Amino acid sequence: MALMVFNKQSIAEDIPTGFHGYERDALFALKIGFNNSLLNRNWTGLMCYMNDTPYWQGIQCLNGRVTGILLENMMLNGEIETDALYNLTELSILSFNNNSISGNLMDFTKNQKLRKLDLSGNYFHGDIPSSLLSLNFLESLQLQDNNLTGSIPGFNRSILEEFNVSYNNLSGEIPETGVLQSFSLSSYVGNENLCGPPITTFCTTRNDLSQSNNGSSGDKTNNSPRLAAVLIVVNAIVLVVILFLFIIYCKKYKKLEKEFKSKNVLPKEEEHDSTIRNRIHEGEKGKLVFMEKNGIKFELDDLLKASAQGLGKGTFGNCYKAMLEVGPIVVVKRLRDLKPLSSEEFVRHVKAIAGQEHPNLLPLLAYFYSKDEKLFFYRFAENGNVYNQIHGGRGTRERVPFRWSSRLAVARGVARALEHLHLNTRSQNTAPHGNLKSSNVLLDENEEILVTDFGLSSLIALPIAVQRMISYKTPEYQSHKQISKKSDIWSYGCLLLELLTAQVPAQSAPPGTDGVDLCRWVHRAVREEWTAEIFDPEIAVQKGANQGMLRLLQIGIKCCDKSPEKRPEIAEVVAEVEVINVPGDLEDEEYPYSWIDRSQTDDSLSATPLVVIADDQRR
Ligand SMILES: Nc1ncnc2c1ncn2[C@@H]1O[C@H](COP(=O)(O)OP(=O)(O)OP(=O)(O)O)[C@@H](O)[C@H]1O
């Protein structure tokens, strides 16, 4: 096969057999489109060679061919050409989950081996391509949280086990194929104009049609002149209504156009332009309120002009990093799916959140309130979140080990922050944080621990909170719909287990990622006495850390006890975490290897941890 691009600097003089240059060209084209600093640095040299472990971030290979592309949570921007995947004919897994990619979806005609496709949490628009219908092996299709339009194609292969198109702008009737009907409501919610089972919105046109057809066939002989007259009158009324609506629409459109012009707001099609102005709905004049104590101020207009970079779609809305021309970098969090609160109620809740002040809580700098848009503003945490520190770049040369001392600092900082929240929340029937997970624990430029997103459950509509927030995933909520401070303790326990094992807990796994029931897994490990095997090799090799790791594990296990009454109070947790020491010489101990490919060592473990570990034990 033809070798189209050949980088002489990075590849040996003779072209290795099994090297497919046209596949590398396809990845290079993606790299150029994304212009992402990590990929620019990392996607060089040989990508897949025979069965060697690939060095390219997020690329999986088999027999020298590209079989997987997993680029998740990387803030990737830009559009992808529709024919971008034509040359990747061995591709079996593709995930761009949780980035900011826009444009139409790709053509998958040539990717006949595709089994898992996850493009959720982006800004893709246009139709769901019919090329997906030709994929005989497609098991999982995740397209939720995009801006897709048009109807759902008639997927009918029973091999399709996972399917999600929720939170798009899809319309029309859900095709009545067995497989599409077998998915639950949650696969389709958030598409206003979608209708028919399994969702509860009726497809009125279809029903009406069938009713009128039934009527006309039943009375055909006796009532046809009367029916014809009725139909003429109905048609006339419908026409008048349509005309009336059209006039209203034209008037409204003119008004909006005028508003847009007067405010110099770009029209919606320009959404790819990355300024805050184009990322938010500036429909109506709103109120920008600063929290005085933080001493940071900027004008709304400066903020709207600031360039915006998507940080990701979270439970409550999108997050953007806004670079103001003058002043600090701020993070703008768009809130969506809120409770129907009056402006006074909203402000009261926001003040309660802003009133929580602690060195380990990320302070709310300001908020914006208008009818259509509610925004929160925070300081940008330079060193990102703990989720990325634990899991980011595993299996690549870019991976910077997340050392024991840093993990212990996270455990301490979060415990202190939770203690503050718990002491300052009177109600017994709420979880003061409510959504504690590693992506909500941030590290600033000095590696200080900052917990964010606390208290938002007071603003979010209950059905959404139940679906997405961690405090609703506890055993007691699943069985008795019970929420309390102990819900936070359970989440904290899961966070500790994630820090120790580097496994993603199922309840906080980003969409499209498989998580593990960590509490159950760790309990079993202890019961069956293979505890030592569960620690992340990255810290397990830091020998002086073992005692501290075991103590933290015990605290984690107590915190995620099934029964909330048996979990400790936060003050007890703080006291226990505080006494764990980091031996002085630990930091200087030589790290035996610079990167560990966990996907090679225990990938299967994360998929079915109980079985794999139990099997290991038997050997
Ligand atoms: N102030 C901040 N500084 C740096 N990164 C941030 C900041 N706030 C949020 N992020 C990061 O931006 C991304 C999106 O955040 P967001 O809070 O919207 O979603 P999330 O944390 O993944 O989920 P959730 O909405 O459930 O909290 C996450 O990776 C988060 O860690």
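Derivation of every value follows stated rules applied to the coordinates shown; laboratory data play no part. If you're wondering where the values come from, they're calculated on a predicted model, not measured in any experiment. Because the Cβ atoms are built from the backbone with ideal geometry, glycine has one as well, and the counts that use them run over all protein chains shown.
So here's what we get for this one:
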item	result
Simple spin-label estimate for Lys371 and Leu341 in nanometres, 7 Å along Cα-Cβ	2.0
Links that overshoot a 25 Å alpha carbon limit, given the list Lys485/Lys558; Lys113/Lys437; Lys293/Lys437; Lys437/Lys485; Lys293/Lys374	Lys113/Lys437; Lys293/Lys437
Where a label projected 7 Å from the Cα of Glu576 along Cα→Cβ would reach, residues of segment 504-533 with amide N under 14 Å	523
Loop GluC sites (Glu not before Pro), segment 494-574, which have at most 11 other Cβ atoms in a 10 Å radius of their Cβ (DSSP)	Glu529
Calculated FRET efficiency for the pair Arg397/Glu533, C-beta based, R₀ 41 Å, to 0.05	0.95
Pairwise label distance in nanometres, Ile232 with Ser37, each label 7 Å out on the Cα-Cβ vector	7.4
Listed peptides 168-177, 431-440 by packing density, highest first (mean Cβ within 10 Å)	431-440, 168-177
Segment 329-361: GluC sites (Glu not before Pro) in DSSP loop, at most 15 other beta carbons within 10 Å	Glu357
Linear extension gain, Phe290 paired with Leu133, 0.36 nm per residue minus alpha-carbon span	51.4 nm
Potential extension, Glu357-Glu192 segment - 0.36 nm per residue separation minus Cα distance	55.4 nm
Largest-first ellipsoid semi-axes for segment 16-195, taking √(5λ) over the Cα gyration tensor eigenvalues, angstrom	30, 18, 12
Backbone N within segment 326-359 under 13 Å of label point (7 Å from Leu462 Cα along the Cβ vector)	339-340
Inter-centroid distance (Cα atoms) of segment 300-326 relative to segment 328-376, Å	15
Full-extension gain in nm, Glu448 to Glu565, via 0.36 nm per residue minus C-alpha separation	38.9 nm
Estimated distance in nm for a label pair at Asn104 and Glu79, the labels positioned 7 Å out from Cα along Cα-to-Cβ	0.9
Amide hydrogen neighbours beyond the local backbone of Leu338, cut-off 5 Å, H modeled	Ala461
